[in-house]
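S.K.: Supplied in structure tokens, the structure appears directly below.
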Amino acid sequence: MRRKLAVCALFCVVLAMLPSHSASVAVMSVDLGSEWMKIAIVKPGVPMEIALNSESRRKTPIAVCLKETERLFGDNALGVSVKNPKLVYRHLQSLLGKKHDNPQVGLYQKTFPEHQLLEDPVRGTPYFKYADDLNYTPEELLGMVLNYSRGLAQDFAEQPIKDAVITVPCFFNQAERRAVLKVANMAGVKVLQLINDNTAVAINYGVFRRKDIDSTPKNIMFYDMGASSTTATIVTYQTVKTKDMGVQPQVQVRGVGFDRGLGGFELDLRLRDHLAKLFNQQKKSKKDVRENHRAMAKLLKEAQRLKMVLSANAEFTAQVEGLMDDIDFKARVSRVDFEAMCADLFERVSRPVQDALATAEMTSIEQVILVGGSTRVPKVQEVLLKAVNKEELGKNINADEAAAMGAVYQAAALSKAFKVKPFLVRDATVYPIQVEFTRETDEDGAKTVKHNKRILFQRMAPYPQRKVITFNRYTDDFSFEINYGDLAYLGEEDLGVFGSLNLTTVKLSEVGSSFLKHTDAESKGIKAHFNMDDSGVLLLDRVESVFETIVEEKEEESTLTKLGNTISNLFGGGSAEPSLNATESVQEEEEVPLEAGKEEEEEEAEKKKKTEEEPEQPKEEQEAPKEAEGEEKEKKPEEAEKAPGEEEEAGEKKEEKTGDAEAEKEAEKTEQKPQKKTKISEEIAVELLANDISDPTAEDILSSNKKLQDLTNRDLAKQERERMLNNLEAFIFETQDKLNQKEYKQAVGEEEKEKIVAKLRESSEWMDEEGYAATTKELREKLSELKTLCKALFFRVDERRKRPDRLAALTSMLNTSSYFLRSAKLIPEDDQIFTDVELKTLEKVINDTTTWKTETVAEQDKRSLAERPVLLSKDLEAKLALLDREVNYLLNKAKFAKPKAKPKAKNATSSSSEKSAKANATAEEKVIPPAATATGEEEATVKDSESPKANTDNHVGDEL
């Protein structure tokens with residue numbers, strides 16, 4: 001019984017661990033670049049794998065085409081960009097989290113002049129003017145692309161997916177990261193984490209080389225040149241010891257250098273402009289090709305192809321058919337020309353390396369590994385080799401897919417549906433963040449306003465991390481600023497692209513009321529709790545006013561009382577108070593020192609002054625009464641040696657002293673009760689005002705979501721109509737073809753065939769004239785009408801195809817069942833395990849089935865193929881199932897039946913032979929010499945019992 005219960009319990013546990021079919025357990029990652037995106041998935045039974053798109057490609061262009069009736073994505077959108085570039089939007093990442101006056105927005109407008117970028121009057125951000133009454137923001141367009149990527153992942157995984165890890169460039173600031181989160185929200189994607197793309201690459205590299213990581217630090221640089229930016233990242237691989245998981249491998253980001261404007265797309269633009277210049281020099285047209293958006297889109301496509309070819313060839317001929325005004329373009333371009341026109345760009349290749357080494361405070365690294373498609377350019381590798389002073393560059397990683405694979409590993413680690421080997425990650429903040437506030441000070445009787453700055457997160461500080469800042473000198477409502485720290489290392493051009501250096505203004509209210517509530521308590525300041533989460537986004541968790549008050553402790557309970565309380569708590573009697581807040585239990589918060597310099601000296605002087613004016617009572621004085629009490633107790637033996645007369649006086653004095661001592665003790669207990677300090681926290685109301693990019697309002701979010709949902713519904717409706725149109729067209733052609741096949745000709749009558757042919761001809765003509773403009777409902781009705789007309793014909797043909805196999809299976813089952821029945825009846829009565837009722841039931845089923853089969857087959861043979869059949873496949877399957885059930889029941893009974901026990905024959909002969917055998921055995925045992933050992937006795941007994949004579953004697957009765 002216990003074993004059965006254990007098995008049931010184990011089975012329930014296994015069921016609880018299995019993923020539900022309705023629930024989504026798969027996760028995805030999206031390497032969201034500026035030009036391409038790579039998608040990876042993890043699902044049960046499939047580890048990390050790149051999801052293929054509809055063209056079976058492993059990477060998809062980030063492009064969306066907005067037509068009047070449909071949307072196109074990826075390669076289909078790029079195909080339209082050559083014919084009508086105004087409808088295609090791409091390279092949207094560079095517009096996220098930026099104001100309209102940002103230099104990056106102006107550069108985008110210059111690169112894609114076919115688009116009209118306007119400024120949002122409220123937020124100051126750019127948006128695309130699509131029509132007179134329709135606009136799209138970069139976040140909305142990128143949300144469409146991200147939703148499309150989610151659809152690709154779901155199609156590849158064959159199950160719904162919602163959770164994702166999305167990569168972002170490591171140099172993205174707070175506004176840009178918040179913009180990506182808004183994009184994911186519009187796309188209906190739950191973001192497990194925004195991970196820096198360089199960190200994702202480092203994870204992918206380290207996960208597959210776990211065995212090579214030990215306690216010795218290994219410093220490696222990943223040099224990533226993508227489409228629009230370049231990043232150099234130095235990481236350290238090392239095993240570290242943790243409390244919960246023991247020794248585990250860890251990757252820590254040590255240094256980062258980047259160039260926002262250096263990438264492969266800038267090289268493409270240089271080549272495009274060079275090809276445009278060559279076309280104008282040929283003077284085949286009087287127009288300037290640079291003013292024709294369609295022609296420039298064609299040249300850009302050819303420039304991208306030319307760059308790839310020149311990476312492997314010294315020269316190549318670029319050619320575009322019908323570039324402009326039906327004029328073909330053809331020109332020879334060499335690698336030397338390409339390197340000359342991009343010389344200033346190649347000079348910037350080494351700058352991120354130098355910045356990364358300076359940030360990490362290193363002079364050299366062990367290895368440099370190339371990441372990103374633009375690192376395949378030979379000149380880039382040549383300049384990089386000189387910069388890092390290495391003999392060769394590491395190419396042992398997939399330059400295109402490393403970030404996506406590292407991100408999906410992190411997604412599996414964050415998901416509750418998967419268990420992966422721990423791989424610790426310590427990322428770093430690229431930009432320092434500080435808190436700024438003003439305070440009035442009184443110097444020489446004159447009030448002055450002092451501006452204070454305190455660093456919250458240093459440059460390259462690890463995250464996730466929590467920080468606390470305490471404001472000690474505020475008793476009323478006030479405000480403070482959260483801004484970026486010193487960014488002088490960026491340079492003027494980078495600072496212009498960076499945007500606002502001011503993040504948020506924090507306004508605190510109800511500070512004064514919190515002090516009025518706790519006038520008797522000592523203030524411990526206003527504490528602001530900050531959190532830099534896994535995505536690198538700074539959050540203000542809460543602000544609270546903290547006070548400290550003294551409460552009297554209850555007298556210590558006896559050991560028995562404590563034991564009783566403990567037992568009652570174990571059985572649910574006590575109150576379950578949490579020991580830590582949910583946020584504080586994850587990670588210890590680091591207190592940021594707020595006051596410094598001269599102010600700290602003033603505070604220390606004030607504390608010393610207070611200490612001198614109100615000195616604390618030393619412990620020796622508090623313990624003095626106990627010592628006096630101890631001295632009195634020590635004098636008792638000496639008083640016992642006094643004379644009898646003196647004893648009475650001493651006794652009276654002793655009683656008086658004892659009474660006084662007891663009274664003093666009671667007074668001391670009343671005055672010196674044990675005290676305990678308790679902290680009181682009062683929540684402070686917080687109002688946040690964004691100073692970089694204001695968040696969209698609730699109405700804006702609803703409007704964006706509705707706009708995207710309407711487009712999605714339109715696409716789904718269009719897909720449904722196309723599917724129905726294809727189904728109707730296919731049904732007409734397939735049915736017309738079937739009517740010419742032999743088995744359909746035999747199964748259809750002349751009158752029925754004429755009706756079907758006429759209806760098919762009518763539907764085909766309707767398709768040519770009106771069908772391609774018909775609604776989905778009309779197409780569905782037309783298809784249903786045709787299927788109803790042809791249903792009887794298709795049924796007869798289908799039955800004719802199934803009938804032979806089903807009939808042969810039934811015949812075989814009848815033969816098997818009959819043989820089994822005959823064998824069962826031949827079993828002797830003493831060994832019979834089947835009852836008469838069971839055998840008769842099987843016999844009845846066999847006879848009835850045989851009779852039904854004979855009669856129905858005969859009836860079916862009389863009918864023509866064009867008539868409705870009477871011998872149906874479903875009836876054959878039902879008869880087959882009934883026979884199979886009856887036979888299996890008897891087979892299972894025979895399998896688990898126990899053989900009947902045979903009665904033993906008892907007669908006089910057997911009894912006498914058994915008695916004689918026992919007597920012989922006793923006599924033989926007595927013959928053994930008394931000097932034999934115990935072992936000898938055992939051996940003799942065994943030999944006697946196994947002798948042939950003894951066996952013969954024992955079986956005499958059985959033989960008779």
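S.K.: Considering only strands (runs of 3 or more DSSP E) fully contained in the range 102-201, which possess at least 2 residues that are under 21 Å from K38 (Cβ atoms) and either aliphatic (A, V, I, L, M) or not assigned by TED's automatic domain parsing to the domain that holds L538 (or both)?
M.R.: In the range 102-201, 163-168, 190-196 are the strands (runs of 3 or more DSSP E) which contain 2 or more residues that are under 21 Å from K38 (Cβ atoms) and either aliphatic (A, V, I, L, M) or not assigned by TED's automatic domain parsing to the domain that holds L538 (or both).
S.K.: Also, quick follow-up: Please verify whether A297 is within 45 Å of the chain's Cα centre (by Cα), surrounded by fewer than 16 Cβ atoms within 10 Å (Cβ to Cβ), part of a helix (DSSP H, G or I) and touching a residue at least 60 places away in the same chain (Cβ under 8 Å), treating the condition exactly as stated.
M.R.: It is false that A297 is within 45 Å of the chain's Cα centre (by Cα), surrounded by fewer than 16 Cβ atoms within 10 Å (Cβ to Cβ), part of a helix (DSSP H, G or I) and touching a residue at least 60 places away in the same chain (Cβ under 8 Å).
S.K.: Give the range 769-780 a look and list any residue that's among the charged types (D, E, K, R), surrounded by 12 or more Cβ atoms within 10 Å (Cβ to Cβ) and more than 15 Å from A730 (Cβ to Cβ), or say none.
M.R.: Passing the criteria: only E778.
S.K.: Considering each residue of the range 698-739, count those that are hydroxyl-bearing (S, T, Y), closer than 16 Å to E140 by Cβ and without any contact (Cβ under 8 Å) to a residue 60 or more places away in the chain, and give that number.
M.R.: Number of matching residues: 1.
S.K.: Since L385 meets every condition but one in (1) surrounded by fewer than 16 Cβ atoms within 10 Å (Cβ to Cβ); (2) among the hydrophobic types (A, V, I, L, M, F, W, C); (3) under 29 Å from the mean Cα position of the chain (by Cα), which condition does it not meet?
M.R.: Every condition holds for L385 apart from (3).
S.K.: Another question about this same structure. Within the range 370-408, how many residues turn out to be among the β-branched types (V, I, T) and not in a helix (DSSP H, G or I)?
M.R.: Result for the range 370-408: 3.
S.K.: Let me confirm something: among A446, A461, which residue is within 30 Å of T233 (Cα to Cα) and either at pLDDT below 95 or touching a Lys or Arg at 6+ places or on another chain (Cβ under 7 Å) (or both)?
M.R.: A461
S.K.: Against the definition (in the same structural domain as P113 (by TED's automatic domain parsing), without any contact (Cβ under 8 Å) to a residue 60 or more places away in the chain and under 30 Å from T216 (Cβ atoms)), how does T375 come out, yes or no?
M.R.: Answer is no for this residue.
S.K.: If you scan the range 501-519, which residues turn out to be surrounded by fewer than 18 Cβ atoms within 10 Å (Cβ to Cβ) and among the hydroxyl-bearing types (S, T, Y)?
M.R.: Those that are surrounded by fewer than 18 Cβ atoms within 10 Å (Cβ to Cβ) and among the hydroxyl-bearing types (S, T, Y): T504, T505, S509, S513, T519.
For (1) closer than 18 Å to G525 by Cβ; (2) exposed (fewer than 15 other Cβ atoms within 10 Å of the Cβ), each residue gets a yes or a no:
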residue: K450; (1), (2): yes, yes
residue: L456; (1), (2): yes, no
residue: A461; (1), (2): no, no
residue: K467; (1), (2): yes, no
residue: T470; (1), (2): yes, no
residue: E481; (1), (2): no, no
residue: Y489; (1), (2): no, yes
residue: L495; (1), (2): no, yes
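S.K.: Also: Failed condition for F316, given (1) under 24 Å from A77 (Cα atoms); (2) crowded, with 18+ Cβ neighbours inside 10 Å; (3) without any contact (Cβ under 8 Å) to a residue 40 or more places away in the chain, with all others met?
M.R.: (1)
S.K.: What are the residues in the range 402-420 that are farther than 13 Å from A26 by Cβ and surrounded by fewer than 19 Cβ atoms within 10 Å (Cβ to Cβ), if any?
M.R.: L414, K419, V420
S.K.: Let me ask something else. Any idea which residue in the range 781-834 is farthest from I756 (Cα to Cα), counting only those that are among the β-branched types (V, I, T) and either at pLDDT 90 or above or in contact with a strand residue (DSSP E or B) (Cβ under 8 Å, 6 or more places away or on another chain) (or both)?
M.R.: T816
So that you can scan it fast, the table gives a plain yes or no per residue for (1) surrounded by 13 or more Cβ atoms within 10 Å (Cβ to Cβ); (2) closer than 14 Å to P422 by Cα; (3) modelled with pLDDT under 95; (4) touching a strand residue (DSSP E or B) at 6+ places or on another chain (Cβ under 6 Å):
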| position | (1), (2), (3), (4) |
| --- | --- |
| D212 | no, no, yes, no |
| S215 | no, no, yes, yes |
| F222 | yes, no, no, yes |
| S228 | yes, no, yes, no |
| T231 | yes, no, no, yes |
| I234 | yes, no, no, yes |
| K241 | no, yes, yes, yes |
| V247 | no, yes, yes, yes |
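S.K.: Sort out which residues of the range 183-221 are farther than 20 Å from V240 by Cβ, of a type in the set (D, E, K, R) and in contact (Cβ under 8 Å) with a residue 60 or more places away in the chain, and write them in order of number.
M.R.: Of everything in the range 183-221, just one residue is farther than 20 Å from V240 by Cβ, of a type in the set (D, E, K, R) and in contact (Cβ under 8 Å) with a residue 60 or more places away in the chain, namely D197.
S.K.: Here's something else I'd like to know. Out of all the residues in the range 333-350, is one or more in contact (Cβ under 8 Å) with a residue 40 or more places away in the chain, part of a helix (DSSP H, G or I) and in contact with a Phe, Trp or Tyr (Cβ under 8 Å, 6 or more places away or on another chain)?
M.R.: Within the range 333-350 (the criterion being in contact (Cβ under 8 Å) with a residue 40 or more places away in the chain, part of a helix (DSSP H, G or I) and in contact with a Phe, Trp or Tyr (Cβ under 8 Å, 6 or more places away or on another chain)), the answer is yes, since at least one residue qualifies.
S.K.: Out of S864, S784, S764, S818, report the one residue that is small (G, A, S), part of a helix (DSSP H, G or I), over 30 Å from E720 (Cα atoms) and in the same structural domain as A717 (by TED's automatic domain parsing).
M.R.: The unique qualifying residue is S818.
S.K.: Among P169, P138, P160, which is the only one that is of a type outside the set (G, A, S) and surrounded by fewer than 21 Cβ atoms within 10 Å (Cβ to Cβ)?
M.R.: Going through P169, P138, P160 in turn, just one is of a type outside the set (G, A, S) and surrounded by fewer than 21 Cβ atoms within 10 Å (Cβ to Cβ): P160.
S.K.: What about A153, is it under 24 Å from K43 (Cα atoms), in contact with a Lys or Arg (Cβ under 8 Å, 6 or more places away or on another chain), crowded, with 21+ Cβ neighbours inside 10 Å and not β-branched (V, I, T)?
M.R.: No: the conditions fail for A153.
The values are calculated or read from the model by the stated rules, or taken from the named source; none is laboratory data. In this text the structure is predicted, and so the values were computed from the model without any measurement. All Cβ positions, even for glycine, are placed from backbone atoms using ideal geometry, and neighbour counts span all protein chains on display.
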